[in-house]
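Chemist: Dropping the structure in here first, questions after.
The values are calculated or read from the model by the stated rules, or taken from the named source; none is laboratory data. Quick caveat, the model's predicted, so the values are computed rather than measured. Positions of Cβ are backbone-derived with ideal geometry, glycine not excepted, and every protein chain shown enters the neighbour counts.
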Amino acid sequence: MNASGGPMMSAARAYSLDDVRVEEVPLPKLEPGDILVQVVVCGVCSSDAMDWYVSRKVPVVLGHEPVGIVHEVTPGVEGVEVGDRVFFHHHVPCMECRLCQRGQYTSCHRFRETSLDPGGFAEFVRVPAEIVRLDVLKLPDQISDESAAFIEPLACSLRAFGKLDVARGSSVWVVGAGPMGLMNIRLARYFGAKPIIVSDPVEVRREFALGVGADLALDPGQPDFDERMAEATDGWGAEKIIVMPGAVEPIEHGLAHAAPGAIVLVYTPTPPEATVGYRPHDLYFKEVTITHSYSAGPVDTREALDLLAGGDFEVEDLITHRFGLDGVGEALRLAKTHDESLRAMIYPHGIGVEVKAI
């Protein structure tokens, strides 16, 4: 109980990426149309470990890839009941404005105004009515909790691949082989891309990339990089380039090796002050397109759920670490470096603890 006599729960609150504390906080209060979800597991995204992004929000309970059991529903809720196992998105668009009508859901003004209360690194999360109505998905029995925790990141990738227009026979270059880069290699293989090239300075990541479907794994610092890239693409360069790190150098590297008519997609945001140097003259005459893909909308999350539930797309082998709330700080450290891990999962009620509706 808190000072006013209300129920409490545990949550991992970040005061900085180096200062994460497990605290007892009041259970969120519900309004009509809301649901309260007991979090079973929540994935750790690399954006949870971006200093510039997190520093603007602290103190904050992070975590936007949760899966849980509906614990309480309020009047007005339709389609979900207490005891349902669900995925729930952290943002939703209005689905009515001009941007939404064009499919630009993540540019909708409502998208970033909606959020979970608190984030998924907590025992319980209040899902606001707007999200309940648009992007809470009941999970079929054949999809595991950990696979379902990949719905949000996979939805982001599906949206990105739509912008890249990846098709059978497209040459795809994934710049960066962290956990999302590896999943995008697998997704490129799923869509029939050939060849699939990956570049990463870390040898163990390059080896893993070959294991999940890359045809060629290159060290961007190796002297013969240009020669091997040209050889793999018949001298043209890559047609579809997806730059994973939110940093200037990988973006510039991708642009420098783009084929005529290529699409270069920036997958992760850079710090606000970052600027990219390129020669518009060169890109103009090569007709290179630069685009970006931010997050995912309700259409994308449903597509991701269908793909995972179908059993033809593996994600659980990307999980290398599992923690309780007391391990969130370590999970963020691992997500920041990626040298020792791929995907980490947080179990707010403890690893191995079965979560059921109370």
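Chemist: Out of (1) part of a loop (DSSP other than H, G, I, E, B); (2) touching a residue at least 60 places away in the same chain (Cβ under 8 Å); (3) β-branched (V, I, T); (4) assigned by TED's automatic domain parsing to the domain that holds D339, what's the single condition that is false for V125?
Modeler: V125 satisfies all of (1) part of a loop (DSSP other than H, G, I, E, B); (2) touching a residue at least 60 places away in the same chain (Cβ under 8 Å); (3) β-branched (V, I, T); (4) assigned by TED's automatic domain parsing to the domain that holds D339 except (1).
Chemist: Something else now. Every residue in the stretch 85-100 that is assigned to a loop (DSSP other than H, G, I, E, B) and over 30 Å from V41 (Cβ atoms), please.
Modeler: Correct list: E96, C97.
Chemist: Take I196 and tell me if it is without any contact (Cβ under 8 Å) to a residue 40 or more places away in the chain, in contact with a helix residue (DSSP H, G or I) (Cβ under 8 Å, 6 or more places away or on another chain) and crowded, with 22+ Cβ neighbours inside 10 Å.
Modeler: Yes: the conditions hold for I196.
Chemist: Within the group R112, R186, R133, which residue is surrounded by fewer than 19 Cβ atoms within 10 Å (Cβ to Cβ), assigned to a helix (DSSP H, G or I) and either in contact with a Phe, Trp or Tyr (Cβ under 8 Å, 6 or more places away or on another chain) or at negative phi (or both)? Talk me through it step by step, then tell me what you get.
Modeler: Working: R112 fails: assigned to a helix (DSSP H, G or I); R186 fails: surrounded by fewer than 19 Cβ atoms within 10 Å (Cβ to Cβ).
R133 is the lone residue from the list that is surrounded by fewer than 19 Cβ atoms within 10 Å (Cβ to Cβ), assigned to a helix (DSSP H, G or I) and either in contact with a Phe, Trp or Tyr (Cβ under 8 Å, 6 or more places away or on another chain) or at negative phi (or both).
Chemist: Could you tell me which of the residues D226, D234 is among the charged types (D, E, K, R), part of a loop (DSSP other than H, G, I, E, B), surrounded by fewer than 22 Cβ atoms within 10 Å (Cβ to Cβ) and over 21 Å from the mean Cα position of the chain (by Cα)? Write out each step before concluding.
Modeler: Numbers: D226 fails: part of a loop (DSSP other than H, G, I, E, B).
None of the other options fit; the residue is D234.
Chemist: Report, by residue number, each residue of the stretch 63-113 that is under 20 Å from C156 (Cβ atoms), in contact with a strand residue (DSSP E or B) (Cβ under 7 Å, 6 or more places away or on another chain) and free of Cβ contacts under 8 Å to residues at least 60 places away in the same chain.
Modeler: V86, F88
Chemist: Inspect all residues belonging to the stretch 144-153 and state whether any of them is under 29 Å from P75 (Cβ atoms) and surrounded by fewer than 24 Cβ atoms within 10 Å (Cβ to Cβ). If you could, list the steps in order and put the result at the bottom.
Modeler: The first filter runs over the stretch 144-153 and keeps only residues under 29 Å from P75 (Cβ atoms), leaving 145, 148, 151-152.
Retained after the next criterion (residues that are surrounded by fewer than 24 Cβ atoms within 10 Å (Cβ to Cβ)): 145.
Looking through the stretch 144-153, at least one residue is under 29 Å from P75 (Cβ atoms) and surrounded by fewer than 24 Cβ atoms within 10 Å (Cβ to Cβ).
Chemist: In the stretch 258-306, which residues are among the aliphatic types (A, V, I, L, M), surrounded by fewer than 19 Cβ atoms within 10 Å (Cβ to Cβ) and under 28 Å from R228 (Cα atoms)? Break it down into steps so the answer makes sense when it comes.
Modeler: In the first step, residues of the stretch 258-306 are kept if they are among the aliphatic types (A, V, I, L, M); the result is 258-259, 262-266, 274, 276, 283, 288, 290, 296, 299, 304-305.
With the extra rule that they be surrounded by fewer than 19 Cβ atoms within 10 Å (Cβ to Cβ), the set shrinks to 274, 276, 283, 290, 299.
Within the stretch 258-306, V276, L283, I290 meet the criteria.
Chemist: Test Y347 against the criterion of being of a type outside the set (D, E, K, R), closer than 20 Å to V54 by Cβ and surrounded by fewer than 21 Cβ atoms within 10 Å (Cβ to Cβ), and give yes or no. Explain how you work it out, then say what you get.
Modeler: Working: of a type outside the set (D, E, K, R): yes; closer than 20 Å to V54 by Cβ: no; surrounded by fewer than 21 Cβ atoms within 10 Å (Cβ to Cβ): yes.
No.
Results for (1) modelled with pLDDT under 95; (2) in contact with a helix residue (DSSP H, G or I) (Cβ under 8 Å, 6 or more places away or on another chain); (3) under 30 Å from E354 (Cβ atoms); (4) of a type outside the set (A, V, I, L, M, F, W, C), shown as yes or no for each residue.
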site: V82; (1), (2), (3), (4): no, no, yes, no
site: R98; (1), (2), (3), (4): no, no, no, yes
site: R102; (1), (2), (3), (4): no, no, no, yes
site: Y105; (1), (2), (3), (4): no, yes, no, yes
site: P118; (1), (2), (3), (4): no, no, yes, yes
site: P128; (1), (2), (3), (4): no, no, yes, yes
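Chemist: Against the condition part of a loop (DSSP other than H, G, I, E, B), of a type outside the set (S, T, Y) and either within 30 Å of P245 (Cα to Cα) or not assigned by TED's automatic domain parsing to the domain that holds G120 (or both), how does C42 come out, does it pass? Quick ask: steps written out before the conclusion?
Modeler: On the way: part of a loop (DSSP other than H, G, I, E, B): no; of a type outside the set (S, T, Y): yes; either within 30 Å of P245 (Cα to Cα) or not assigned by TED's automatic domain parsing to the domain that holds G120 (or both): yes.
Criteria not met by C42.
Chemist: Could you count how many residues in the stretch 303-316 are touching a residue at least 12 places away in the same chain (Cβ under 8 Å), out of contact with any helix residue (DSSP H, G or I) (no Cβ under 8 Å at 6 or more places or on another chain) and in a helix (DSSP H, G or I)? Step through it out loud before you land on a result.
Modeler: Residues of the stretch 303-316 touching a residue at least 12 places away in the same chain (Cβ under 8 Å): 303-305, 307-309, 311-316.
Now restrict to residues that are out of contact with any helix residue (DSSP H, G or I) (no Cβ under 8 Å at 6 or more places or on another chain): 309, 311.
When the remaining residues are screened for being in a helix (DSSP H, G or I), the result is 309.
Counting residues in the stretch 303-316 that are touching a residue at least 12 places away in the same chain (Cβ under 8 Å), out of contact with any helix residue (DSSP H, G or I) (no Cβ under 8 Å at 6 or more places or on another chain) and in a helix (DSSP H, G or I) gives 1.
Chemist: Search the stretch 17-37 for residues that are at positive phi and pair each with any residue that is among the polar types (S, T, N, Q) when their beta-carbon atoms are under 7 Å apart and the residues are at least 6 apart or on different chains.
Modeler: As it stands, the answer is G33/T74, since those pairs meet every condition given.
Chemist: Here's another thing I want to ask about it. Can you pull out every residue in the stretch 261-302 that is among the hydrophobic types (A, V, I, L, M, F, W, C) and outside any strand (DSSP E or B)?
Modeler: Initially, the stretch 261-302 is screened for residues among the hydrophobic types (A, V, I, L, M, F, W, C), giving 262-266, 274, 276, 283, 285, 288, 290, 296, 299.
Answer for the stretch 261-302, where residues must be among the hydrophobic types (A, V, I, L, M, F, W, C) and outside any strand (DSSP E or B): A274, V276, L283, F285, V288, A296, V299.
Chemist: Can you work out which of the residues in the stretch 1-46 that are polar (S, T, N, Q) and at pLDDT 95 or above is farthest from S144 (Cα to Cα)?
Modeler: S16
Chemist: Tell me the residue from E72, E81 that is on the phi < 0 side of the Ramachandran plot and exposed (fewer than 14 other Cβ atoms within 10 Å of the Cβ), please. Before you say what the answer is, go through the steps one by one.
Modeler: On the way: E72 fails: exposed (fewer than 14 other Cβ atoms within 10 Å of the Cβ).
Exactly one residue qualifies, and that residue is E81.
Chemist: Name the residue that is modelled with the highest pLDDT, counting only residues in the stretch 47-80 that are of a type in the set (G, A, S) and within 17 Å of the chain's Cα centre (by Cα). Full working, then the answer.
Modeler: The initial filter retains those residues of the stretch 47-80 that are of a type in the set (G, A, S), namely 47, 49, 55, 63, 68, 76, 79.
Now restrict to residues that are within 17 Å of the chain's Cα centre (by Cα): 47, 49, 63.
Values: S47: 94, A49: 95, G63: 98.
Ranking the candidates gives G63 first.
Chemist: Here is a follow-up. Suppose we filter I241, I197 for residues that are β-branched (V, I, T) and within 23 Å of I319 (Cα to Cα); which single one remains?
Modeler: I197
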